[in-house]
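Presented below is the structure to which this report refers.
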Amino acid sequence: MAADERDYNLTEEQKAIKAKYPPLNKKYEYLDHTADVQLHAWGDTLEEAFEQCVMAMFGYMTDTGTVEPVDTVEVEAEGHDMLSLLFHFLDEWLYKFSANEFFIPREVKVLYIDRMQFKIRSIGWGEEFSLPKHPQGTEVKAITYSAMQICEDEKPEVFVIIDI
């Protein structure tokens with residue numbers, strides 16, 4: 001697909017909600033992958049690249065521009081190295097959506113990444129997913145380790161394949 005925007009065929013009500021807020025700063029894209037989707041996210045810092053990766057995942061499920069920042073959710077994760085930290089970070093955010101909360105963020109902010117202990121703490125602003133309010137994209141079933149990469153050469157960027 002390799003596109004920044006997915007067509008959600010928004011209703012007038014969804015367009016009105018989207019127009020209430022400034023446009024989201026998207027630093028991600030979707031890359032074609034056999035039977036799955038590869039998220040490619042980047043940022044000025046590794047923290048921002050992780051934030052954008054979470055938003056890319058949720059952006060595949062709905063138009064995050066239609067989400068209003070009415071609730072706050074904190075997510076913490078840990079791993080045994082940076083790749084497992086990224087995996088568990090995304091998995092914890094996916095759990096917030098898949099479990100009882102059905103939380104979908106409009107924005108996610110990484111508060112810190114501990115590169116020695118491989119811990120991360122983040123906060124997200126959003127609301128409970130609601131079909132009448134949020135257009136339905138494609139459900140993300142799981143995060144995978146397949147071809148996962150964290151690159152910090154020039155600009156920090158991450159690559160993650162999600163199971164859809």
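Please calculate how many Å² of accessible area segment 20-164 carries per residue, with a 1.4 Å probe and no DNA, RNA or ligand atoms counted. List each step's numbers first, then the result.
On the way: 6870 Å² over 145 residues.
About 47 Å² of surface per residue is accessible.
Based on DSSP H runs of at least 4 residues, each adding -39500 (n - 2.57), what is the mean residue ellipticity at 222 nm of the chain after dividing by all its residues, to the nearest 500 deg cm²/dmol?
-8000 deg cm²/dmol
By the gyration tensor of its Cα atoms, with a ≥ b ≥ c the square roots of the eigenvalues, what is the shape of segment 7-141: rounded for a/c under 1.5, prolate for a/b over b/c, or oblate?
prolate
Counting alpha carbon pairs within less than 8 Å and at least 6 residues apart, what relative contact order, in whole percent, applies to the chain?
So the answer I get is 28 percent.
Nearest 20 debye, what's the magnitude of the dipole of segment 80-151 about its Cα centre given +1 on Lys and Arg Cβ and -1 on Asp and Glu Cβ?
Working: 8 positive and 9 negative charges, 30 e Å.
Roughly 140 debye, rounded to the nearest 20.
Name the long-range amide H neighbours of Tyr30: under 5 Å, sequence gap of 5 or more, or other chain; modelled H, no Pro or chain starts.
Here Ala2, Ala3 satisfy the definition.
Under 22 Å between C-alpha atoms is the cut-off here; go through segment 13-164 and count lysine pairs that meet it, provided they're at least eight residues apart or on different chains.
Going through segment 13-164 pair by pair, I get 23.
Put a dot 7 Å past each Cα toward the Cβ at Asp163 and Glu12; how far apart are the dots in nm?
Modelled inter-label distance: 4.3 nm.
Taking a ≥ b ≥ c as the square roots of the eigenvalues of the Cα gyration tensor of segment 1-72, is the shape rounded (a/c under 1.5), prolate (a/b larger than b/c) or oblate?
Oblate, since a/c reaches 1.5 and b/c is not below a/b.
The values are calculated or read from the model by the stated rules, or taken from the named source; none is laboratory data. Bear in mind that the values here come from a model prediction, so they are computed numbers and not experimental data. Glycine gets a Cβ as well: all are built from the backbone with ideal geometry, and neighbour counts include every protein chain shown. Heavy atoms of the whole protein, side chains included, go into the accessibility calculation; ligands, DNA and RNA do not. Shrake-Rupley method; radii C 1.70, N 1.55, O 1.52, S 1.80 Å.
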